[in-house]
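Quick notes on the structure that follows.
We did not get these values from a lab; they are worked out from the coordinates using the rules stated. No experiment lies behind these values; they were computed from the predicted model shown. Neighbour counts are summed over all protein chains in view; Cβ atoms, including those assigned to glycine, are modelled from backbone coordinates with ideal geometry.
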Amino acid sequence: METLEDFRQRSRAWLAGNMRRLPPDAEPWNAMRVDEGDAERAKALQRKLFQAGFAGLCFPKEYGGRGLPRVYQKAFTEESRPYEMPLLFNTPTLTIIAPTILDMGTEAQKRRHLPAMIRGDELWVQFMSEPSGGSDLAGVITSARFDGDNYLLNGSKIWSSYAYFSDYAICLARTDWDAVKHQGLTMFIVKIHQPGVTVNRIRQSDGNVEFCQEFFDDVPLAPEDVIGKVNDGWTVGQRLLFHERSATGGSSPYASGTAGRRIETIDDLVNLARAAGRLDDPRIRELLAEVYVLQTVQGQATDRIVAGIAAEALPATSGAMLRLFTGLNGLRRSDIALEIASSDAVAWDAGESDGATGKSYIFRQAWCLGGGSTEMQRNIISERVLGMPREPAADRGMPFKDVRRNAPGKEA
Ligand SMILES: Cc1cc2nc3c(=O)[nH]c(=O)nc-3n(C[C@H](O)[C@H](O)[C@H](O)COP(=O)(O)OP(=O)(O)OC[C@H]3O[C@@H](n4cnc5c(N)ncnc54)[C@H](O)[C@@H]3O)c2cc1C
């Protein structure tokens, strides 16, 4: 195998010769402000990485990857930081959905979809949350009824990032209403753009429209599109949540390039303070030091928890600690950015700024919701890392059709 140092040198040279170097004043990439044009661009860039052998570094070779250890991906990501990268492919396509299919999918699903994701042909989205609530994932009421040939999907999903321009979704639906809550669920692959699927975009408080709500009207799903076993979708969902916590906690080996918002890293905030003429203000310097500490602690906590899980010294659910830290860290950095930018964050002259700091602040609560809320991470840490008693649940042991809820599913 090529040494890590040789790989790093080769990556550096290839990136310099083939990818667009971002100008120092380039707008930070914002996962929440993307459109169809960005999707096409990301597909083109992902194809370029694939053709050069720099895509899917940690995925097995038989499914289109390179089969390399995670340190190689880390080195490539470090080298790629100054360049435009297909960041849209990271989450959920490559960091959450591809590893879930790798762990739980059939051989045919892996061969069909993993190479297509890695070479930039397929963008995926998650159909998990429902209007009745996202935290109680096992309580989904979107249903899939078997008609003898296919499953017919009915119901609604919401808060699906990028669904309107994505190709496929991984979707949790209820297939057995007589079983107890966690045992009547099945995970499906759903082609998004087909008759019976209506995708509506949702305008958010910060003006973005990347979130979607979908409505399903007798959408046929083939039995070959079941991931894992029928009525065992919760096991698949658990695996998906594990990968989601790794992705949102910053420890996924499958992320290529710096994922998530690049705003509010220490470099961004130093630049913000400089632009505001406040770099010498002692209070601002104190805040910048805090961001530096948070960023350093996050990096070290990631290394420690990833190593602990790999060595089985920590349970796999420990990723919840990183997810919690990332959420709280994101909030704090948004607050600090607002304090540094001061009045510039709320009012600006046309052409002078795009108000990124203010808009990011409005969106800050998302840090504590996307990928599972911080409260739910605290529950996981207490119950499944520290072994404390489980919170009471009125629906435990009861057939799901008898569980009280506000809006019964179409087939309940
Ligand atoms: C940026 C972003 C991207 C997202 N992308 C997707 C996506 O692509 N696909 C998708 O399916 N979903 C997505 N979501 C939705 C996300 O998964 C949900 O917002 C999240 O799971 C919480 O669900 P909810 O919003 O319905 O809140 P609810 O579940 O209604 O919870 C409301 C509040 O109650 C708290 N709460 C609920 N239950 C408990 C409990 N048992 N103990 C303590 N507190 C509790 C929650 O922490 C929260 O503060 C995204 C969300 C965001 C912000």
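Things worth noting here:
- Counting only DSSP H runs of at least 4 residues, each contributing -39500 (n - 2.57), and dividing by the residue count of the chain, the helix-based mean residue ellipticity at 222 nm comes to -12000 deg cm²/dmol.
- Between residue 121 and residue 135, the modelled labels are 4.2 nm apart [label points 7 Å from Cα along Cα→Cβ].
- Length-normalised contact order for segment 140-254 - Cα pairs under 8 Å, 6+ apart - percent: 29
- Residue-count net charge about residue 64 - beta-carbon cut-off 10 Å; Lys, Arg +1, Asp, Glu -1: +4
- Remark: the chain carries a charge dipole of roughly 640 debye about the Cα centre, counting +1 on each Lys and Arg Cβ and -1 on each Asp and Glu Cβ.
- For segment 314-329, 3J(HN,Hα) computed residue by residue from phi via the Karplus equation (6.51, -1.76, 1.60; θ = phi - 60°) reads 10, x, 4, 5, 5, x, 4, 5, 5, 4, 5, 5, 4, x, 5, 4 Hz, glycine and proline entered as x.
- Label-point separation in nm, residue 348 to residue 200, each point 7 Å along Cα→Cβ: 3.2
- Residues whose amide H comes within less than 5 Å of that of residue 363, counting only those at least five positions distant or on another chain, are absent (H built at 1.01 Å from N in the peptide plane).
- Distant-in-sequence amide contacts of residue 35, defined by a placed amide H-H separation under 5 Å and a gap of 5 or more residues or a different chain, comprise nothing.
- With the simple model of a label 7 Å out from the Cα in the direction of the Cβ, residue 335 to residue 84 spans 3.7 nm.
- Environment charge at residue 339 (Cβ cut-off 11 Å; Lys +1, Arg +1, Asp -1, Glu -1): 0
- Translational D in µm²/s for segment 263-372 (Stokes-Einstein at 37 °C, 0.692 mPa s, Kirkwood Rh from C-alpha pairs): 216
- Mean Cα-pair separation over length for the chain, i.e. relative contact order, pairs under 8 Å, 6 or more apart, %: 16
- Folded to 0 to 90 degrees: helix 4-18 orientation relative to the chain principal axis, Cα: 80
- By average C-beta atoms within 10 angstrom, highest first, the peptides 305-318, 118-131, 331-344: 118-131, 331-344, 305-318
- Ordering 295, 360, 324 by the projection of their Cα atoms onto the charge dipole of segment 263-372, which places +1 on the Cβ of Lys and Arg and -1 on the Cβ of Asp and Glu, puts 324 at the extreme positive end.
- What the pair-distance distribution of the chain shows, using all Cα-Cα distances binned every 10 Å from zero, is 4, 21, 31, 27, 13, 4, 0, 0 percent.
- The local environment of residue 202, defined by Cβ-Cβ distances under 13 Å, has a net charge of 0 under the rule Lys, Arg +1 and Asp, Glu -1.
- Computed from phi, the 3J(HN,Hα) profile of segment 54-68 under the Karplus parametrisation 6.51, -1.76, 1.60 (θ = phi - 60°) reads 10, 10, x, 4, 9, 7, x, 4, 5, 10, x, x, 10, x, 9 Hz, with x in place of Gly and Pro.
- Under 5 Å, built H, 5+ apart or other chain: amide partners of residue 125: 168, 169, 170
- In order along segment 126-138, the phi-based Karplus estimate (6.51 cos²θ - 1.76 cosθ + 1.60, θ = phi - 60°) of 3J(HN,Hα) comes to 9, 9, 10, 5, 10, x, 7, x, x, 5, 8, 4, 5 Hz; Gly and Pro are listed as x.
- Value of relative contact order over segment 267-412, rounded to a whole percent, pairs C-alpha under 8 Å and six or more apart: 23
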